[in-house]
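A.B. asks: Pasting a structure here, questions to come.
Where a number appears in this text, it was derived from the coordinates with a stated rule and is not lab data. None of the values given here were measured: they were computed from a predicted structure. Cβ: placed from backbone, ideal geometry, glycine included. Neighbour counts: every protein chain shown.
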Amino acid sequence: MVINPHLPLVYHHDYSFDFDVAHRFVMSKFADLYQNLLHSGHIQQNLFTPERATLACLEGVHCPQYLHDLTHNLLDAKAQRRIGLPWSAELMARTFTEAQGTLHTAQLALKHGVACHLAGGTHHAHSDFGSGYCMVNDLAYTATALIEQKLATNVLIFDLDVHQGDGTAAILQHNPYVFTCSVHCEKNFPFRKISSDCDIGLPIGLQDRQYIEIVASTLTSLIRDLNPSIVLYDAGVDIWQHDSLGKLDISWQGIEQRDRTVLTLCQQFGVPVATVIGGGYDKDHARLAERHSIVIKQAAII
């Protein structure tokens, strides 16, 4: 196996910071992922550091009042509970940098064919509220920015996180240049789904073979129909059979095959692809980082 030393990777050390280790959201996973890739030789001279997204830029997809209240810790208790993360200046820094990181990854993918973000996939953030550990929607922000900057004529968001990308769907539902597709476990969070352009709700306990067939046929059809300028791929690893918030029965090998399938299809059709890591929940933090590394390690060998 030959590792591509030129695969662009995007990461910022602000992504992880001192955080409650007992919290269900593993804030250390970004730094753990970075260390995993560093030790495996995937990080060499190919690492890019993003800037922080400005509020003015984020207003393209988010309500200015919401951004103001979020930034200054003015959200009410109910809105804060819906997000599920305790407010801090460090959290705000990582949130706005992560959004820019996904845009930076997409820009690199357009240049190199593929690029990977060591974070991203905050698809539960809506225009005027946060939800499910997501405060600003990096996928909606990136897709919209690519169109506005005339770097892309149309964008396909291919979301394979186990949870439906409700915030992405809501923000982009009237955008004719972005197509949203979510393949997720139907009986899982969010319990109130927002219609994407294409939604495929999977039954609890679905296993590898059927899952890979659905992913491959769906992506093949979408690329043929849409001929997208770029695919933004949310490679959530909460589809794993032992993920604490998953409910599907996808093996470790199934995740590898899924990511290889998505990346190979994009390559075969000549469509640039930018990957984000999406969701993943595990008390074993090293194992979680290894799961999140799968998409990047697959991208490095295609």
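A.B. asks: Which residue out of Leu248, Leu226, Leu232 is surrounded by fewer than 21 Cβ atoms within 10 Å (Cβ to Cβ) and of a type in the set (A, V, I, L, M)?
C.D. replies: Being surrounded by fewer than 21 Cβ atoms within 10 Å (Cβ to Cβ) and of a type in the set (A, V, I, L, M) holds for just one of Leu248, Leu226, Leu232, which is Leu226.
A.B. asks: Please specify each residue of region 154-202 satisfying the condition of being acidic (Asp, Glu), farther than 20 Å from Thr220 by Cα and crowded, with 19+ Cβ neighbours inside 10 Å.
C.D. replies: Correct list: Asp166 only.
A.B. asks: Mind listing whichever residues of region 89-114 are among the small types (Gly, Ala, Ser), farther than 20 Å from Arg291 by Cβ and either buried (at least 24 other Cβ atoms within 10 Å of the Cβ) or without any contact (Cβ under 8 Å) to a residue 40 or more places away in the chain (or both)?
C.D. replies: Across region 89-114, the qualifying residues are Ala89, Ala99, Ala106, Ala109.
A.B. asks: Restricting to region 1-39, name every residue that is assigned to a loop (DSSP other than H, G, I, E, B), touching a helix residue (DSSP H, G or I) at 6+ places or on another chain (Cβ under 7 Å) and farther than 20 Å from His112 by Cβ.
C.D. replies: Hits for region 1-39 are Ser16, Phe17, Val26, Ser28.
A.B. asks: Scan region 58-75 for residues that are surrounded by fewer than 18 Cβ atoms within 10 Å (Cβ to Cβ) and either under 16 Å from Ser127 (Cα atoms) or touching a His at 6+ places or on another chain (Cβ under 8 Å) (or both) and jot them down.
C.D. replies: Residues satisfying the conditions are Glu59, Gly60, Cys63, Pro64, Gln65, His68, Asp69, Thr71, Leu74.
A.B. asks: If you don't mind, another one. Would you tally the residues in region 249-302 being closer than 20 Å to Ile214 by Cβ, in contact with a strand residue (DSSP E or B) (Cβ under 9 Å, 6 or more places away or on another chain) and β-branched (Val, Ile, Thr)?
C.D. replies: 7
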